[in-house]
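Worksheet for the structure shown next.
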Amino acid sequence: MNREDPLVLGIETSCDETGVGIVRGRTLLANAIASSMDEHARYGGVVPEVAARAHLESMTPMIGAALAEAGVSLEDLDAIAVTSGPGLSGALMVGVGSAKALALALDKPLYAVNHLVGHVGVDVLGEEGHLEYPTIALLVSGGHTSLLLVRDLVSDVELLGETIDDAAGEAFDKVARILGLPYPGGPHIDRLAALGDPKAIRFPRGLTLPKDMAAHRYDFSFSGLKTSVARWVEKKQDAGEEVPINDVAASFREAVADVLIGKAIAACTDLGVPRLLLGGGVVANARVRSLAEERTAAAGISLRIPPLDLCTDNGAMIAALGAQLVMHGHDPSGPDFGADSTLPVTDIQVH
Amino acid sequence: MLLAIDTSAGTSVAVVDRDGGILSQVDVADTMRHAEVIGSLITAALAEAGIRPPELSGVVSGMGPGPFTGLRVGISAARTFAFALGRPLVPIASHDAVAWQHYASGATGGLLVVTDARRREVFWSAYSGVDAEGLPQRTDGPALAKPDAVPFPELTRIDAAAIPAGGLGMVAELAFAAGHPFAADEPLYLRSPDVTPSNGPKRVTR
Ligand SMILES: [Zn+2]
């Protein structure tokens, strides 16, 4: 196996994106993605069974698309990587079954990796792609909201905190529904928020009161915020008043961004880590990005935000992490790993 | 020579040959660990048959019916294995494997194959016998029914806890040799996802 500059194909099926990516060492060659997002729209959120069915239909077409995009053939690959977890278990299993078959048919080594660490690993790709250690990573999507301390991508990742109820992306979807906006909610809220006043309504910042900070310093909670928005909107409606939808969107978005970035900065400051990396689909949110830029600049923290198509779930990040494991001399995973919907972030690779 | 994979009940993997018959078959009955065991079973089936992947001429996939989550593991593996080798995928209805095994042992006449569909329901397929090539003739199904509403009580009934991939492979070999069409390359879920479209937000204040 080429451990200098390995050609690795990565398969990602933890949520609603069927991603197949190919990297050569630190170089991105292909990032093929099929999304079942449209199929979930009428249900107002990701339906696991619908997502899993879509993965099965998209799997081999995406492998073919990635190979074509990269201009390589299967025989050229040095290794295969696949997401073992965390994620939706039925969805993960499609990727695991496929990756095992691919590795056996081609007689190539297989690396089962952690989805969350993959979001961090994507930052090694590209010209200036050299993840510096240690770094704090804030990963925010419809499926997860996690704050990590990364001392070494392939050997030392620690979970500082995570959401204790809804993921931040889920909160965007639920508030969008309250405001009568379509799924997925993020882009619609972002658009309206730009026209509203973020200070119009003071929505609660979950787990930021002193009593909560003692037990949940780096944890998040968005369920109370969502309920608070619903109450506020219902009160207006019951009074027969018009709901200032732009102000609600802006104030809600501000509350989410404030908590996310506030806790990430606190982690950087507390732990003396002058680096913050963002990942996950919520990075598409303009306010989350701008607030991160403002506050990291003020605190003297360097900020890294990978290109958006590498922030959302994708196969390239799994390939990138797999390639790093190969380059650092790690052995392939054993034959009997499965899909682990709650895989802890400390398990960078499943053996 | 074909590799056959079925995860509609437990996990079963076999290597078959039209002339040599079933060269290997390995099974795990556990209906919860398809993703874990699929790789080792493929390795074992190939090793026992003494062949390497490039020697295969196709990959047979049991298309169900079966509980969703497990069923997909085998179909995903079979499709990808075939894709990786650049060989055809041969989709076969899983119950046909049970019927083939029944008739191959010398039985004749009508047959009803029944498997567990969970949630207090079963999957069933009805067969009339075999044709001149030895292929089971499915006359009805596969379909879903409550246990007390399964049709064709007059037929010999087999309640199968496992689907033998060897039988699946032999059905594929016989159908290919006879020039018969295969099943469609679609999973036989026979149930829609359990979801209801959202009807807008629910009130939180009362
Ligand atoms: Zn993700």
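It is to be established whether one or more residues within region A:13-36 are more than 21 Å from the chain's Cα centre (by Cα) and in a helix (DSSP H, G or I).
So far as region A:13-36 goes, no, none of its residues is more than 21 Å from the chain's Cα centre (by Cα) and in a helix (DSSP H, G or I).
Collect the residues in region B:53-100 that are among the hydroxyl-bearing types (S, T, Y) and away from chain A (no Cβ under 13 Å), keeping them in residue-number order.
B:S57, B:S94
Looking only at region A:1-20, filter to residues that are more than 16 Å from the ligand (Cβ to nearest atom) and charged (D, E, K, R); which one of those is most open to solvent (accessible area, probe 1.4 Å)? Can you show your working first?
So in region A:1-20, the residues more than 16 Å from the ligand (Cβ to nearest atom) come out as A:1-9.
If we keep only those that are charged (D, E, K, R) as well, we get A:3-5.
Working: A:R3: 80, A:E4: 155, A:D5: 71 Å².
My answer is A:E4.
Let me confirm something: among A:A292, A:A323, A:A316, which residue is within 17 Å of the chain's Cα centre (by Cα), open to solvent by less than 40 Å² (accessible area, probe 1.4 Å) and over 21 Å from A:G169 (Cα atoms)?
Testing whether each residue is within 17 Å of the chain's Cα centre (by Cα), open to solvent by less than 40 Å² (accessible area, probe 1.4 Å) and over 21 Å from A:G169 (Cα atoms) leaves just A:A316.
Go through the residues of region A:63-86 one by one and say whether even a single one is within 20 Å of the chain's Cα centre (by Cα), open to solvent by 10 Å² or more (accessible area, probe 1.4 Å), under 22 Å from A:D336 (Cα atoms) and at pLDDT 95 or above.
Taking every residue of region A:63-86 in turn, at least one turns out to be within 20 Å of the chain's Cα centre (by Cα), open to solvent by 10 Å² or more (accessible area, probe 1.4 Å), under 22 Å from A:D336 (Cα atoms) and at pLDDT 95 or above.
Inside region A:91-165, counting only strands (runs of 3 or more DSSP E) that do not spill past its ends, which hold 2 or more residues that are among the charged types (D, E, K, R)?
Here the list reads A:145-152, A:156-162.
Of all the residues that make up region A:248-272, how many are of a type in the set (A, V, I, L, M, F, W, C), farther than 13 Å from A:R295 by Cβ and open to solvent by less than 10 Å² (accessible area, probe 1.4 Å)?
The initial filter retains those residues of region A:248-272 that are of a type in the set (A, V, I, L, M, F, W, C), namely A:248-250, A:252, A:255-257, A:259-261, A:264-268, A:271.
With the extra rule that they be farther than 13 Å from A:R295 by Cβ, the set shrinks to A:248-250, A:252, A:255-256, A:271.
Then keep just the ones that are open to solvent by less than 10 Å² (accessible area, probe 1.4 Å); that gives A:248-250, A:252, A:255-256.
Final tally of qualifying residues: 6.
Report yes if A:V283 is touching a helix residue (DSSP H, G or I) at 6+ places or on another chain (Cβ under 8 Å), part of a helix (DSSP H, G or I) and not hydroxyl-bearing (S, T, Y), otherwise no.
It is true that A:V283 is touching a helix residue (DSSP H, G or I) at 6+ places or on another chain (Cβ under 8 Å), part of a helix (DSSP H, G or I) and not hydroxyl-bearing (S, T, Y).
Among the listed residues A:I189, A:I245, identify the single one that is open to solvent by less than 40 Å² (accessible area, probe 1.4 Å) and farther than 29 Å from A:P344 by Cβ.
Testing whether each residue is open to solvent by less than 40 Å² (accessible area, probe 1.4 Å) and farther than 29 Å from A:P344 by Cβ leaves just A:I189.
Any residue at all in region A:311-326 that is hydroxyl-bearing (S, T, Y) and away from the ligand (no atom under 16 Å from the Cβ)?
No, there is no match, as no residue in region A:311-326 is hydroxyl-bearing (S, T, Y) and away from the ligand (no atom under 16 Å from the Cβ).
Pull out all pairs, ordered by first then second residue, where Cβ-Cβ is under 8 Å, the residues are six or more apart or on different chains, the first lies in region B:76-104 and is under 16 Å from A:L56 (Cα atoms), and the second is basic (K, R).
That search, which allows pairs on different chains as well, returns B:A77/A:K100; B:L89/B:R79.
Could you please find all residues in region B:115-139 being over 17 Å from the mean Cα position of the chain (by Cα) and either closer than 16 Å to B:M63 by Cβ or among the small types (G, A, S) (or both)?
B:S128, B:G129, B:A132, B:G134
Taking into account only those residues within region A:21-49 that are within 11 Å of another protein chain (Cβ to nearest Cβ) and of a type in the set (V, I, T), which is farthest from the ligand (Cβ to nearest atom)?
Per the stated criteria, the residue is A:V47.
Test each condition in (1) aliphatic (A, V, I, L, M); (2) modelled with pLDDT of 95 or more; (3) surrounded by fewer than 22 Cβ atoms within 10 Å (Cβ to Cβ) for A:M37 and report the one that comes out false.
(2)
Could you pull out the residue among A:G281, A:G262, A:G300 that is within 16 Å of the ligand (Cβ to nearest atom) and touching a residue at least 12 places away in the same chain (Cβ under 8 Å)?
Residue meeting the stated conditions: A:G281.
List pairs: first in region A:206-229 and in contact (Cβ under 8 Å) with a residue 60 or more places away in the chain, second part of a helix (DSSP H, G or I) and open to solvent by 30 Å² or more (accessible area, probe 1.4 Å), Cβ under 7 Å, 6+ apart or cross-chain?
What qualifies is A:K226/A:K174.
The values are calculated or read from the model by the stated rules, or taken from the named source; none is laboratory data. Given the structure is predicted, the values throughout are model-derived calculations rather than measurements. Glycine gets a Cβ as well: all are built from the backbone with ideal geometry, and neighbour counts include every protein chain shown. Remember, those area values only see protein heavy atoms, side chains included, never the ligands or the DNA or RNA. Shrake-Rupley method; radii C 1.70, N 1.55, O 1.52, S 1.80 Å.
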